[in-house]
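Taking it in order: structure first as structure tokens, then the write-up.
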Amino acid sequence: MASLKDLQNRIKSVKNTQKITKAMQMVAAAKLRKAQDAAERSRPYSDRIGAVITNLSASMAGSEGAPKLLVGNGNDDVHMLVVATADRGLCGGFNTNIVRKAREEITAIEAVGKTVKIFCIGKKGHEQLDRFYGDKIVKMVSLKEHKTVSAAIAAELGGDITDMFEAGEFDVCHLIYSRFENVMTQVPTVKTMIPAIGDLGRQSMKEGEHASDDVFAPDLKGAAYEYEPDEEGILEVLLPRNINTQIFSALLENSAGEMGSKMAAMDNATRSAGDMIDKLTLTFNRSRQAQITSELIEIISGAEAL
């Protein structure tokens, strides 16, 4: 049995840990509101830009001059998975759930004879994927040095992906991130970024399998739209911006999900620390009472011997 001194040290240590987890919970709760608002504000813009592209694609998809970012390059042999996770841990299963979704996608794509490449955004996702798919990771970007997620960061990442596509390094690009629902629920999600229409990378898979991509169906309410300049000129600007927007929105969703998951994880850790303190205190009191009783028996026995 541990001595009273050892029990006191353990109780003190757990109390210090409880203070840390409680502080981290409060910090995550404070950051969550701002991150959640940013994620929710990004959704209408992301949805609308997708609706415009869907509307424009109706007249462009069948033409020979359709942009490759819109219809693809005609192949679907090489798939790029852009896996966005957090750079820090202590947020429950947030990062693990995203990586698990990525592994499911990798398995499904390779099962139909396709090649997979991985673009990691976030240190934690890279650490987990590197154990099993280190040879497939072509790039890793850490956002740890950036205090907040910005459109400039997303534009830089989007530019890298677009350049890799134009260089012929992959045919289809999927974005994997965690969509924020509420503090307790973050849903690992897959979106196809390239091509912007259709799902060429999954045509050979079972119908409905991994069909987690958002589908835009704009309601024109009978109105006829005319675009100036022409569709090709608009798409030339809009398609790269759509990639940047999807990445930016995903990073904002991840930021909110990370804070929500961290708040829940630190709350559970604080409660567990409290339960451990109660148990250690009870053990300490029992040991102390036993020691006092033993000392009293020794004193009484010595007095009677005299």
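The values are calculated or read from the model by the stated rules, or taken from the named source; none is laboratory data. Everything quoted here is computed from the prediction, not taken from an experiment. Here Cβ is always computed from backbone atoms with ideal geometry, including for glycine, and neighbour counts include all displayed protein chains.
If the requirement is being crowded, with 18+ Cβ neighbours inside 10 Å and in contact (Cβ under 8 Å) with a residue 60 or more places away in the chain, which of these qualifies: LYS124, LYS114? So that I can check it myself, show each step before the final result.
Working: LYS124 fails: in contact (Cβ under 8 Å) with a residue 60 or more places away in the chain.
Selected residue: LYS114, the only one of LYS124, LYS114 that is crowded, with 18+ Cβ neighbours inside 10 Å and in contact (Cβ under 8 Å) with a residue 60 or more places away in the chain.
May I ask you to list pairs of residues, at least six apart or on different chains, whose Cβ atoms are under 7 Å apart, with the first in region 141-165 being free of Cβ contacts under 8 Å to residues at least 12 places away in the same chain and within 20 Å of LYS124 (Cα to Cα) and the second being hydrophobic (A, V, I, L, M, F, W, C) and surrounded by 13 or more Cβ atoms within 10 Å (Cβ to Cβ)?
Correct list of pairs: HIS146/ILE153.
In region 166-185, which residue that is aliphatic (A, V, I, L, M) and touching a residue at least 24 places away in the same chain (Cβ under 8 Å) is nearest to ASP87 (Cα to Cα)?
The initial filter retains those residues of region 166-185 that are aliphatic (A, V, I, L, M), namely 167, 172, 175-176, 183-184.
With the extra rule that they be touching a residue at least 24 places away in the same chain (Cβ under 8 Å), the set shrinks to 172, 175-176, 183-184.
Numbers: VAL172: 26, LEU175: 17, ILE176: 15, VAL183: 19, MET184: 20 Å.
My answer is ILE176.
Scan SER294, SER272 and give me the residue that is surrounded by 13 or more Cβ atoms within 10 Å (Cβ to Cβ) and without any contact (Cβ under 8 Å) to a residue 60 or more places away in the chain.
SER272
Consider SER294 carefully, then state whether it is closer than 27 Å to GLN36 by Cβ and assigned by TED's automatic domain parsing to the domain that holds ASN16.
No; evaluated as a whole, the condition is false for this residue.
Give me the pairs, please: first residue somewhere in region 89-109 and under 16 Å from GLU127 (Cα atoms), second residue anywhere and part of a loop (DSSP other than H, G, I, E, B), beta-carbon distance under 8 Å, and either six or more positions apart or on two chains.
Between residues of region 89-109 that are under 16 Å from GLU127 (Cα atoms) and residues that are part of a loop (DSSP other than H, G, I, E, B), the close pairs are PHE94/THR85; PHE94/ALA86; ASN95/THR85; ASN95/ALA86; ASN95/GLY89; ASN95/GLY122; ILE98/THR85; VAL99/THR85.
Just checking, does region 52-60 include any residue being surrounded by fewer than 16 Cβ atoms within 10 Å (Cβ to Cβ), touching an Asp or Glu at 6+ places or on another chain (Cβ under 7 Å), in a helix (DSSP H, G or I) and touching a residue at least 24 places away in the same chain (Cβ under 8 Å)?
Checking region 52-60: at least one residue is surrounded by fewer than 16 Cβ atoms within 10 Å (Cβ to Cβ), touching an Asp or Glu at 6+ places or on another chain (Cβ under 7 Å), in a helix (DSSP H, G or I) and touching a residue at least 24 places away in the same chain (Cβ under 8 Å).
Considering only residues that are crowded, with 23+ Cβ neighbours inside 10 Å and touching a strand residue (DSSP E or B) at 6+ places or on another chain (Cβ under 6 Å), look in region 70-93 and name the one that is nearest to VAL27 (Cα to Cα).
Out of the qualifying residues, it is ALA84.
Do any residues in region 11-40 that are farther than 22 Å from SER272 by Cβ have Cβ atoms under 8 Å from those of residues that are modelled with pLDDT of 90 or more and of a type in the set (Ser, Thr, Tyr), where the two are at least six apart or on different chains, and which pairs are they?
As it stands, the answer is ALA35/SER255; ALA38/SER255; ALA39/SER249; ALA39/SER255, since those pairs meet every condition given.
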